[in-house]
Amino acid sequence: MNLSKRLARVAPSATTALNDRAIAMRREGRHVLNFAVGEPDFPTPEHIRNAGIEAIWQGITRYTPATGTMEIKQAICDKLLRDNGLRYTPPQITTASGGKHALYNLLFVLCDDGDEVIVPAPYWVSYPEMVKLVGAEPVILTTGVESDFKITPDRLRAAITPRTKALILNSPSNPTGMVYSKDELAALAEVVAETDLFVISDELYEKILYDDWTHHSIASVHEALFEKTLLVNGVSKAYAMTGWRLGYAAGPQFVMDAVSKFLSQTVMHPSAITQHAAITALTGPEDFLIPMRREFLQRRDYILSRFRRIPGVTCLTPGGAFYVFPDLSAFFGHRLPDGRSVRGSYDLSLYLLEHFGVVTVPGLAFGAEGCIRLSYATSMEIIEQGMNLIETALSQLQS
């Protein structure tokens, strides 16, 4: 019996084998240091946890409208006005079971078979595969360290065709941590304003910023872009609520009406309990972010200092999120202890795991073969141990 041809287009995860091997190593009793995790290592703030408990005791456990309650949508509108200067109404908001789900909903209602979606690389691993799942074609715009892993207006303009339906833009970026400035976004917006395409703006890491970086939504930098932007956000990263599963999208009402139609016949709404807790997250105090950012900054700076003393490594300074994305391509072609050659980022990540117990994510998974991703959403103790091992591992490769 045959399965869906559409699913057959989706590539298997480049990290599944590494994750399976790391699990097996732990079961064997080996010490494994995990730098692959994509979630804050902080607890959900107490006032948000209490709101979830309150929802259970108050019986807020029944169905809600497919796109979320009026209360959560109003809280999202208030947040977008307060933080981003964007004025939406509740009919322009849909909620989802996480930011990933919100993004997939948008792609599903936007795209027909054969449409194109521009995806800058490095990209979050799921972007191209979700585009394929809805029958569209991802058009990959490769970037590198020389452009701070950012696309330019000229490259964007050259990638647009009559079949282009959307551009996915992610700032701050997973995996690079790069942040687009207001001027950079405005320059891209000038290109988009001349077209019929939408910008799907993934802004999940907006509150995890360092140094002098400020978050700007592309919807706010050009008068034409408000109606062309489909903003995606959620509570997972900033509020340490990854397991609660609440994301949302904001944009033109006709798009959100289409998402509502889709949701009503598929997964319906996020948990009513989570919606109630998310209202508290979006409307409550955010002082907990100060020590979280301070701790992330300390970890980031330590990892950068360690990588920058290793000959051959190039590592840009992330302006946000909690990842570093060092370019280790100088070690490709070097020999492993068993005599085999390092052919790319997967081989390098496998070497770090098998021989040193350090879990990283190969750049191959993000469309950037020369790099690997490390998350610093882990303790300084683990980071120090891991960087010692990585430095030793790279020094033992033979050129």
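The values are calculated or read from the model by the stated rules, or taken from the named source; none is laboratory data. Quick caveat, the model's predicted, so the values are computed rather than measured. Ideal geometry is used to build each Cβ from the backbone, glycine not excepted, and the neighbour counts take in all protein chains shown.
One line per residue, one yes/no per condition, for (1) surrounded by fewer than 21 Cβ atoms within 10 Å (Cβ to Cβ); (2) under 19 Å from residue 316 (Cα atoms); (3) under 17 Å from the mean Cα position of the chain (by Cα):
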residue: 124; (1), (2), (3): no, yes, yes
residue: 128; (1), (2), (3): no, no, yes
residue: 140; (1), (2), (3): yes, no, yes
residue: 171; (1), (2), (3): no, yes, yes
residue: 182; (1), (2), (3): yes, no, no
residue: 187; (1), (2), (3): yes, no, no
residue: 213; (1), (2), (3): yes, yes, no
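Criterion applied to 344, 370, 357 was being of a type in the set (Gly, Ala, Ser) and out of contact with any Asp or Glu (no Cβ under 8 Å at 6 or more places or on another chain), and the one residue passing it is 357. Taking the conditions exactly as written (over 12 Å from residue 34 (Cβ atoms) and surrounded by 16 or more Cβ atoms within 10 Å (Cβ to Cβ)), does residue 377 satisfy them or not? No, not satisfied. Comparison of 340, 373 shows that the only residue that is charged (D, E, K, R) and touching a helix residue (DSSP H, G or I) at 6+ places or on another chain (Cβ under 7 Å) is 373. Could you list all residues from the range 3-42 that are in a loop (DSSP other than H, G, I, E, B), within 28 Å of residue 204 (Cα to Cα) and out of contact with any helix residue (DSSP H, G or I) (no Cβ under 8 Å at 6 or more places or on another chain)? If the condition is that a residue be in a loop (DSSP other than H, G, I, E, B), within 28 Å of residue 204 (Cα to Cα) and out of contact with any helix residue (DSSP H, G or I) (no Cβ under 8 Å at 6 or more places or on another chain), then 12, 37, 38, 39, 41 are the ones that fit. Within the range 89-123, the residues that satisfy the criterion of being touching a Cys at 6+ places or on another chain (Cβ under 9 Å), farther than 24 Å from residue 374 by Cα, in contact (Cβ under 8 Å) with a residue 40 or more places away in the chain and not polar (S, T, N, Q) are 93, 117.
For the list (1) assigned to a helix (DSSP H, G or I); (2) touching a residue at least 24 places away in the same chain (Cβ under 8 Å); (3) over 30 Å from residue 399 (Cβ atoms), I need the number of the one condition that residue 348 fails. Answer for residue 348: the failing condition is (3). Considering every residue within the range 375-383, establish whether at least one is assigned to a loop (DSSP other than H, G, I, E, B) and either of a type in the set (Phe, Trp, Tyr) or free of Cβ contacts under 8 Å to residues at least 60 places away in the same chain (or both). For the range 375-383, residues assigned to a loop (DSSP other than H, G, I, E, B) and either of a type in the set (Phe, Trp, Tyr) or free of Cβ contacts under 8 Å to residues at least 60 places away in the same chain (or both): present. Residue count for the range 291-317 satisfying the condition of being surrounded by fewer than 16 Cβ atoms within 10 Å (Cβ to Cβ) and assigned to a loop (DSSP other than H, G, I, E, B): 5. Checking the conditions here, which among 242, 314 is of a type in the set (Val, Ile, Thr) and under 25 Å from residue 52 (Cβ atoms)? Of 242, 314, the one residue that is of a type in the set (Val, Ile, Thr) and under 25 Å from residue 52 (Cβ atoms) is 242.
Scanning the range 150-162 for residues that are surrounded by 14 or more Cβ atoms within 10 Å (Cβ to Cβ) and in contact with a strand residue (DSSP E or B) (Cβ under 8 Å, 6 or more places away or on another chain), we see that the one that is farthest from residue 123 (Cα to Cα) is 160. Residues of the range 18-72 that are of a type in the set (A, V, I, L, M) and within 27 Å of residue 380 (Cα to Cα): 18, 22, 23, 24, 25, 32, 33, 36, 37, 48. Within the bounds of the range 267-289, is there any residue that is at pLDDT 95 or above, surrounded by fewer than 22 Cβ atoms within 10 Å (Cβ to Cβ), of a type in the set (A, V, I, L, M) and part of a loop (DSSP other than H, G, I, E, B)? Scanning the range 267-289, I find no residue that is at pLDDT 95 or above, surrounded by fewer than 22 Cβ atoms within 10 Å (Cβ to Cβ), of a type in the set (A, V, I, L, M) and part of a loop (DSSP other than H, G, I, E, B), so the answer is no. The residue list 27, 62, 21 contains one member that is among the charged types (D, E, K, R) and farther than 30 Å from residue 358 by Cα, which is 62. The set of residues from the range 66-110 being assigned to a helix (DSSP H, G or I), β-branched (Val, Ile, Thr) and crowded, with 24+ Cβ neighbours inside 10 Å comprises 72, 76.
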